[in-house]
């Protein structure tokens, strides 16, 4: 269901409020440039600082604006499974194609606790679920064996792997097989992840250069890793610059340069430094973007 170039959408703000007009423009921009799927209200969408009403609004706007043209994988993550269930139900009601759900960050659950967290979410909803494994933010790691248990739940259909461990997908494929959506959550290793069996990437950089990201994923899908590597090399400086400081501040600065939205983020995320601004500008130019 989910493959290719999916974009972890930033949430545009203007004077402290969600900029709905900018969000709609960004959805159209992504689709026009060839993006295969949209992922609103994830980490890059600053979901931890959105109210429940704002979280639901973003999902509803993205689904409505996408209008079935691409898949929408709506963020429904929380360390509180009750809240996660509510967000997943909202995603289903809005018409999203799936929900992206993160492990219980801050709680530091055991592997059994991780499994039970997702099992309860699965049993209380009716929407396809993609498991988000991101140890740098969640503290805990979902082991390959736990992922194999989770995949046996009917509607757990894939993983967003932000472990930066390129061996992990091989472990998981040995236990699970290929009938599972393996999605990278790390731009700079996306091509390498595909080379060992991945099906795509949920990208931050795709907010700014969706066309290149889509072309790179298409090249991987066609087995043309020479072309994929060529595009990857164009994007590396931008990948690095966007994550030089806490995300999504870098992506929002770049988006402001492109006229997509204002630079504004919510605390505790602050604007990037002048040095990082220069690096982002250079990264965009290296990728062939005229700013």
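What follows draws every value from the coordinates through simple rules; no lab data is involved. The structure displayed is predicted, hence computed values, not measured ones. Here Cβ is always computed from backbone atoms with ideal geometry, including for glycine, and neighbour counts include all displayed protein chains.
Quick notes on this one:
- Annotation for residue 165 and residue 240: the two label points, set 7 Å from Cα along the Cα-Cβ direction, are 2.6 nm apart.
- Gain on full stretching of the segment that runs from residue 123 to residue 52 - 0.36 nm per residue minus C-alpha separation: 23.4 nm
- Counting other Cβ atoms within 10 Å as a rough exposure proxy, the listed residues 156, 139, 7 run 139, 156, 7 from fewest neighbours to most.
- Dividing the convex hull volume of the alpha-carbon atoms in the chain by its residue count gives 113 Å³ per residue.
- Residues 173, 168 arranged by fewest to most Cβ contacts within 10 Å: 173, 168
- Between residue 110 and residue 145, the simple spin-label model (points 7 angstrom out along Cα→Cβ) gives 1.3 nm.
- Across the chain, C-alpha contacts under 8 Å between residues 6 or more apart give a mean separation that, scaled by the residue count, equals a relative contact order of 18 percent.
- Residue order for 132, 253, 87, fewest other beta carbons within 10 angstrom first, comes to 253, 87, 132.
- DSSP-defined beta bridges in region 1-158 - what % are antiparallel, rounded to 5: 10
- Global form of region 226-283, assessed from the alpha-carbon gyration tensor, a/c cut-off 1.5: prolate
- For region 151-291, the calculated P(r), taken from all Cα-Cα distances in 10 Å bins from zero up to the bin holding the longest distance, is 12, 38, 30, 17, 3 percent.
- Scattering from region 8-159 was approximated by placing one identical point on each alpha carbon and applying the Debye formula without solvent; log10 I(q)/I(0) at 0.17 1/Å stands at -0.92.
- Taking 0.36 nm per residue of separation and subtracting the Cα-Cα distance, full extension of the segment from residue 80 to residue 258 would add 60.4 nm.
- Our estimate of slack between residue 195 and residue 227, defined as 0.36 nm per intervening residue step minus the Cα-Cα distance, is 10.2 nm.
- Compactness check for region 116-181: Cα Rg over 2.2 N^0.38 Å is 1.06.
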